[in-house]
1. In the range 316-349, how many are closer than 28 Å to Leu144 by Cβ, hydrophobic (A, V, I, L, M, F, W, C) and in a loop (DSSP other than H, G, I, E, B)?
2. Tell me which of these Ala292 doesn't satisfy, since it passes every other one: (1) part of a helix (DSSP H, G or I); (2) surrounded by fewer than 17 Cβ atoms within 10 Å (Cβ to Cβ); (3) in contact with a strand residue (DSSP E or B) (Cβ under 9 Å, 6 or more places away or on another chain).
3. If I filter the range 188-197 down to residues being part of a helix (DSSP H, G or I) and crowded, with 23+ Cβ neighbours inside 10 Å, which single residue comes out as modelled with the highest pLDDT?
4. Under 7 Å between Cβ atoms, which residue pairs at least 6 apart in sequence (or on different chains) link something in the range 232-256 that is in the same structural domain as Leu172 (by TED's automatic domain parsing) with a partner that is aromatic (Phe, Trp, Tyr) and at pLDDT 85 or above?
5. How about the range 364-409: which of its residues are under 20 Å from Thr322 (Cβ atoms), at pLDDT 65 or above and part of a helix (DSSP H, G or I)?
6. Could we say that Gly175 is at pLDDT 80 or above, crowded, with 20+ Cβ neighbours inside 10 Å and at positive phi here?
7. Is there a residue in the range 236-252 that is modelled with pLDDT of 85 or more, surrounded by fewer than 20 Cβ atoms within 10 Å (Cβ to Cβ) and not aliphatic (A, V, I, L, M)?
8. Identify the residue in the range 189-218 that is of a type in the set (A, V, I, L, M) and under 14 Å from the mean Cα position of the chain (by Cα) and, among all such residues, is farthest from Leu265 (Cα to Cα).
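The values are calculated or read from the model by the stated rules, or taken from the named source; none is laboratory data. Being a predicted model, the structure only gives us computed values, none of them experimental. A quick note on method: Cβ atoms are made from the backbone with ideal geometry, for glycine too, and the neighbour counts reach across all protein chains shown.
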Amino acid sequence: MTSDLDRWIGSVGKLLGMGERKRGLGDFALDLLLVAGMMATGVYLARNFLSSLTSTLADPDREKHEQARLQAKAHLERLRKGKNIGKSGDDTGDDSSVSRRGPKPEDLVLNEYENLIALEMVAPEDISVGFSDIGGLEDIIDELKESVIYPLTMPHLYSHAAPLLSAPSGVLLYGPPGCGKTMLAKAVAHESGASFINLHISTVTEKWYGDSNKLVRAVFSLARKMQPAIIFIDEIDAVLGTRRSGEHEASGMVKAEFMTLWDGLTSSNSSGMPARIVVLGATNRIHDIDEAILRRMPKKFPVSLPGKEQRRRILQLILQDTKTDPQSFNLEYIAKVTAGMSGSDIKEACRDAAMAPVREYMKEHRASGNPMSSITPEHIRGIRTEDFFGRKGGGQILMENHAKQSAKASGASADEYEDMVEELG
């Protein structure tokens, strides 16, 4: 047996680069220590590998959750510092500053699912859109102030005076695309000072069974910690659409969980005040939303295509910092021929028109042989009415309306009108 051990140790020694020499008792003891050390190292490495493998199998998203935790911690700390935190840190005060207070420090301890949702949060001061930046929706803005913003910012007045005056648990903005629904939602969060959770469908969609429900619960638990809060769901019909018989089980469970937690918002907290949380949705397909969801959104605001006066206000806002030609620019006429266009369409038409004088100046500058680096904005002329009709694209509807107005003014027949549209197109 001793000879076998000597041969095995000799083989290990050769692998380690040890030459043949006369061996004594001390060398034998050192060899045993060397072998024991190698075996201990192997056991340690194997244990660490198995531990890492077990952890990965138990939580394959551990790295993602850890990154989310670190990012959410920094993000929420900035949100908390950005608000006026009261000395007591509670939300039961008797002054209006209660709406601006940040969460209690202990409430900033979030679980792994709340950390993922926290990455979707936007601080009110980081939202650059206010009501003054939205044109033509003054009536809706006034109603949003009365029914949503004031109850959120003055709960001591609205909730204590009459529970019926508290903020609704759900608000829906619906209408054609590009009419300002998302801008309205951002403006509500900005003006109210509420934490804004911009919830995407991908955020609450997980590959692991049951995780989507946990993420939905995290949405509402985080909103309670950060209240006043607005949970905004753009294209809400894609997330909470009508339930169908052939729908996947996981999707149905998410909707049921969402509605159950949503109903819980109407219950009062320990101070007797309802939660200051509003679910705000936007859609251009209201008929695709589940009826149970619509019932939970008692306030519904139609955001339709702007009328002439609204279009004039939108044009004023868009062009307020843009140079126009006082002799050749007719705002009223542009407001008239933009009929049928959304606010987004009008903005793109203005962008195309603003490029016309720049394009013209650059062409002249190139023809004169001057270097492009010598171009200065002061030499570019202002926008003219004709600039809105020079190219296809964002202004196509405007071009057709221009032809229609011209045909109407001249008493042209329908055939002549079609010819004019074809000529402009």
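1. The total comes to 3.
2. (3)
3. By that ranking, first place goes to Val188.
4. Phe232/Phe196; Leu240/Phe258
5. Answer for the range 364-409, where residues must be under 20 Å from Thr322 (Cβ atoms), at pLDDT 65 or above and part of a helix (DSSP H, G or I): Pro377, Glu378, His379, Thr385, Glu386, Asp387, Phe388, Phe389.
6. no
7. For the range 236-252, residues modelled with pLDDT of 85 or more, surrounded by fewer than 20 Cβ atoms within 10 Å (Cβ to Cβ) and not aliphatic (A, V, I, L, M): absent.
8. The residue in question is Ile201.
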